[in-house]
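Down below is the structure, laid out as structure tokens.
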Amino acid sequence: RTVGVFGMGYVGIPAALLFADAPGIEHVYGFQRDSATSGYKIAMLNRGESPLKGEEPGLEDLLQKVVSSGTFSCTPDFSKVAGCDAVTLAIQTPFKDSKDLLPDFTPLIEAIRNVGRHLTPGSLVVLESTITPGTTAGMAREILEEESGLVAGEDFALAHAPERVMVGRLLRNIREHDRCVGGIDEVSTARAVDLYSRVLTTGQVIPMTATAAEVTKTAENTFRDLQIAAVNQLALYCEAMGINVYDVRDGIASIKGEGITRAILWPGAGVGGHCLTKDTYHLERGVQVLGGELDYPEGRESLYTLARGINDFMPAHMLRLTESALAQVGKTLNGAKIALLGWAFLNDSDDARNTPAEPFYEAAIAAGAEVAVHDPWVDPATAAGVPAGLSRDLEGVLAGADAVVVFAGHREYRGLVADEVKGLCGCVHPAIVDGRNVIDAEAWIDAGFAYRGIGRGDK
Ligand code: SAJ
């Protein structure tokens, strides 16, 4: 059995290596365009070097194992698809502009075309990218049939197997997570179940239709976004009522009874990343593609887009909290120096895609503030949309700040000492705004800070 994997990225590389290491699979081709931006990966991978940034436990060892045993090779030669029993596509669906509601499918469409051009009867094609419900059985099927002259379901099998890996634990996630696998027909589902069962160790394969698998993936993150919006809304209410949202959160989370568990997530400065900010729109676009109407009570918009609205409001709320803290010490945003701590969208991460810090940064500057940005994880040279002044010099960013605003809960910020920060700010009463519950409010207020925190109506 020979397998091909399109897209040598965070999802494709670990998947290809695990297929290469799986029983019953003789060879895996990692298909990678020999483009100016990513062609370098081909030689690197064939040398046994991972092109992925950051620590991925076990990945480079596995890569060297399968390269030296000859069961994996990376190639730009798409004609080798003809010899593959199965081809999976883990192509990113990037956004031209983060303001776009849906991604640019061009790279994925190009990859599907390349598969179609060399597809042979009896093969299985599996899409792993996060896609709008209806894509596998719709657009992907049409392109593959058009390019290959074959008939999906009869001449080749077609399925969707969404991934849910987290950077830093790619191999573990693929081996251990349960995996939804959905075909355009029963045979396709069975073929895909057989393929993925070979790489999973503890995870289970959950068979369903291709469209159900697409909905599962987008709905999983839509629900997560909704849960975060629910607790962000609660935080805003707690601020208005003068109570501490974290006391309420602890209370709710601790309510246990016969099988009762309350999932309550964390309020914060906003929701970023490539998944939660977009999967809601994938899901609702799928309803329009497949169902026609987004159906909800007369005159109301969908709950999920309301949730997106609440999460996207949090950076603006952070600016209101900053303005309020500055006012407490007789200052305004206009003319203030703000030290923004944390550009990444996730704690202890270098990923800045769709970071909620960006709308805050833009609005603060528009209000006349000067903003210095610190992030010890984000690499200014490679991260998306990084402000010119991004610095790793925390003391330099804090020097002379009228307000310190925490946007990411990086571990470096959990150890900040109020008096030391105050010394660096150089004013008697600096402001501190905590967007991720990493600041000890009492200690910083005692040190003379004007304190605000998301959900901290008690301060
Ligand atoms: N966030 C909160 N409160 C929370 C949890 C997260 O404000 O309680 C914020 C984070 O600060 C971040 C954003 O939401 O800005 C997204 O956080 P995340 O932990 O969901 O990180 P993602 O989007 O990189 O990863 C999610 C994960 N999905 C789940 O955990 C169910 C990941 O496993 C998926 O692989 C990924 O989406 C994806 O690829 O869909």
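The values are calculated or read from the model by the stated rules, or taken from the named source; none is laboratory data. Source: prediction; values computed, not measured. Glycine also receives a Cβ, built like all others from the backbone with ideal geometry; neighbour counts cover every protein chain displayed. Each accessible area value is taken on the protein alone, full model and side chains, heavy atoms only, with ligands, DNA and RNA left out. Shrake-Rupley method; radii C 1.70, N 1.55, O 1.52, S 1.80 Å.
Computed over region 218-350, the range of Cα coordinates on each principal axis works out to 55, 40, 37 Å, biggest value leading. Local charge for LYS256 was computed over the other residues whose Cβ lies under 15 Å away, with Lys and Arg +1 and Asp and Glu -1, and equals 0. Amide hydrogen proximity for VAL87: with H placed 1.01 Å from N in the peptide plane, the residues at 5 or more positions away or on another chain lying under 5 Å are GLY4, LEU124, VAL125, VAL126.
Within a straight-line Cα-Cα reach of under 17 Å, LYS96 can be paired with the following lysines, leaving aside sequence neighbours fewer than 8 residues apart in one chain: LYS278. Mean projected area of the Cα convex hull of region 1-145, taken over all directions, amounts to 9.1 nm².
Between the C-alpha center of region 418-459 and that of region 244-264 there is a gap of 27 Å. Here the Karplus curve 6.51 cos²θ - 1.76 cosθ + 1.60, taken at θ = phi - 60°, turns the phi angles of region 193-207 into couplings of 4, 4, 5, 6, 5, 6, 9, 6, 9, 9, x, 9, 8, 10, x Hz, with x standing for Gly and Pro. Using C-alpha pairs below 8 Å separated by at least 6 residues, the relative contact order for region 110-185 is 35 percent. For region 28-104, applying the loop criterion from DSSP together with a ceiling of 12 other beta carbons within 10 Å to the GluC sites (Glu not before Pro) yields GLU55.
So what are region 104-160's ellipsoid semi-axes, whole angstrom, largest first, if each one is the square root of 5 times an eigenvalue of the alpha-carbon gyration tensor?
17, 12, 9
What is the distance in Å between the Cα centres of region 110-125 and region 370-403? Answer, in whole Å: 46. Listed by chain and number, the aspartates and glutamates whose C-alpha is less than 18 Å from the C-alpha of LYS331, apart from same-chain residues fewer than 8 away, are GLU323, GLU370, ASP402. Under a 5 Å amide H cut-off, with hydrogens placed 1.01 Å from N, GLY153 pairs with LEU158 among residues at least 5 apart or on other chains.
What number, rounded to the nearest 500 deg cm²/dmol, is the helix-based mean residue ellipticity at 222 nm of the chain, given -39500 (n - 2.57) per DSSP H run of at least four residues and division by all its residues?
-12000 deg cm²/dmol
What does the C-alpha gyration tensor say about the overall shape of region 48-131? Classify as rounded when a/c is under 1.5, otherwise prolate if a/b is larger than b/c, or oblate. Since a/c reaches 1.5 but b/c is at least a/b, the shape of region 48-131 is classed as oblate.
Computed 3J(HN,Hα) for region 209-216, one whole-Hz value per residue from the Karplus formula 6.51 cos²θ - 1.76 cosθ + 1.60 where θ = phi - 60°, is 7, 4, 5, 5, 5, 5, 5, 4, glycine and proline marked x. Across the accessible surface of region 278-417, with the other protein chains kept in place and a 1.4 Å probe, carbon and sulfur atoms take up 51 percent.
Determine the per residue accessible area of the chain with all protein chains present and a 1.4 angstrom probe, expressed in square angstrom.
Per residue, the chain has an accessible area of 42 Å².
Of all lysines in the structure, the ones whose alpha carbon falls short of 20 Å from that of LYS41, not counting any fewer than 8 places away in one chain, are LYS53, LYS65, LYS80.
Rolled with a 1.4 Å probe across the full set of protein chains, the surface gives PHE6 an accessible area near 10 Å².
For the chain, calculate the relative contact order in percent as a whole number, restricting contacts to Cα pairs under 8 Å that are 6 or more residues apart. Once normalised by length, the contact order is 11 percent.
The residues neighbouring ARG113, those whose beta-carbon lies less than 10 Å from its own, together hold a net charge of -2 under the Lys/Arg +1, Asp/Glu -1 convention. Once backbone amide H atoms are built at 1.01 Å from N, ALA336 has GLU370 as its partners under 5 Å, excluding neighbours fewer than 5 places away on the same chain.
Histogrammed with a bin width of 20 Å, the alpha carbon distances of the chain distribute as 23, 48, 26, 3 percent, first bin at zero.
How would you classify region 400-459 from its alpha-carbon gyration tensor, with a ≥ b ≥ c the square roots of the eigenvalues: rounded for a/c under 1.5, else prolate if a/b is greater than b/c, otherwise oblate? Because a/c hits 1.5 or more and a/b fails to exceed b/c, region 400-459 counts as oblate. Dimensions of region 284-381 from C-alpha coordinates, computed as largest minus smallest value along each principal axis and given longest first, are 52, 34, 20 Å.
Normalised by the number of residues in region 17-76, the average gap of Cα pairs under 8 Å and 6 or more apart makes the relative contact order 47 percent.
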